[in-house]
Amino acid sequence: MLSLAGVLDLRRAWELHLSNDAAAAFLGGSPTDVPDHYREASPAERSIPQATQKLIHGTADDSVPYEISQNYTAKKKKAGEHVELITLPNIGTLKSSIPAPQSGSRWKTHLSSLTRH
């Protein structure tokens, strides 16, 4: 699994009201209203023991706080899962940091190297 500043904890996203309460809109309510939806959809609440998980997150991201990836990594490592957090110091939202398609071959090579075991 490769995550680029992913919203890996939907309960935390709900608590922080990320993207105008997108988690509640997507899942049909709050964690209190639809707890099963959060358990089923949130990677933080799912066991992923077989996958190698690589997370890439900038510390200055103002859309998805870096703490979500930090806390996810700590929780999953404690559970014995294979998680690596690649921290990009002073980098903001990754969607503005991804290179244009014309530079894609170098970017694809870099991403491909990240996903190898």
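The values are calculated or read from the model by the stated rules, or taken from the named source; none is laboratory data. Just so you know, these numbers come straight off a predicted model, no measurement behind them. Cβ sites come from the backbone with ideal geometry, for glycine too, and all protein chains shown count toward neighbours. Protein only, heavy atoms only, side chains kept; ligands, DNA and RNA dropped before computing areas. Shrake-Rupley method; radii C 1.70, N 1.55, O 1.52, S 1.80 Å.
Summary of computed values
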{"item": "Table column - 3J(HN,Hα) (Hz), the stretch 82-94, Karplus curve with 6.51, -1.76, 1.60, x for Gly and Pro", "result": "8, 10, 10, 9, 9, 8, 10, x, 6, 9, x, 4, 5"}
{"item": "Computed lengthening from M1 to V34, 0.36 nm per intervening residue step minus Cα-Cα distance", "result": "9.3 nm"}
{"item": "Rounded to whole Hz, the Karplus (6.51, -1.76, 1.60) HN-Hα couplings of the stretch 38-51, x for glycine and proline", "result": "5, 4, 6, 9, 8, x, 5, 9, 10, 7, 10, x, 8, 8"}
{"item": "Accessible surface of the stretch 1-80, 1.4 Å probe, proportion on carbon and sulfur as whole %", "result": "51 percent"}
{"item": "C-alpha center-to-center spacing [the stretch 1-39, the stretch 42-75] in angstrom", "result": "13 Å"}
{"item": "Under-5 Å amide H pairs with V83, H placed in peptide plane, nonlocal only", "result": "Q53"}
{"item": "Value of relative contact order over the stretch 2-67, rounded to a whole percent, pairs C-alpha under 8 Å and six or more apart", "result": "43 percent"}
{"item": "Spatially proximal aspartates and glutamates relative to K76 (Cα-Cα < 19 Å; intrachain offsets below 8 disregarded)", "result": "D9, E40, E45, E67, E84"}
{"item": "Label zone at S63, where the point sits 7 Å out along the Cα-to-Cβ direction: the stretch 13-43 residues whose backbone N lies under 12 Å", "result": "19"}
{"item": "Proximal charge balance of P35 [Cβ under 13 Å; K/R count +1, D/E count -1]", "result": "-2"}
{"item": "Set of the stretch 19-59 residues, backbone N closer than 17 Å to the point 7 Å along the Cα-Cβ line of H82", "result": "47-56"}
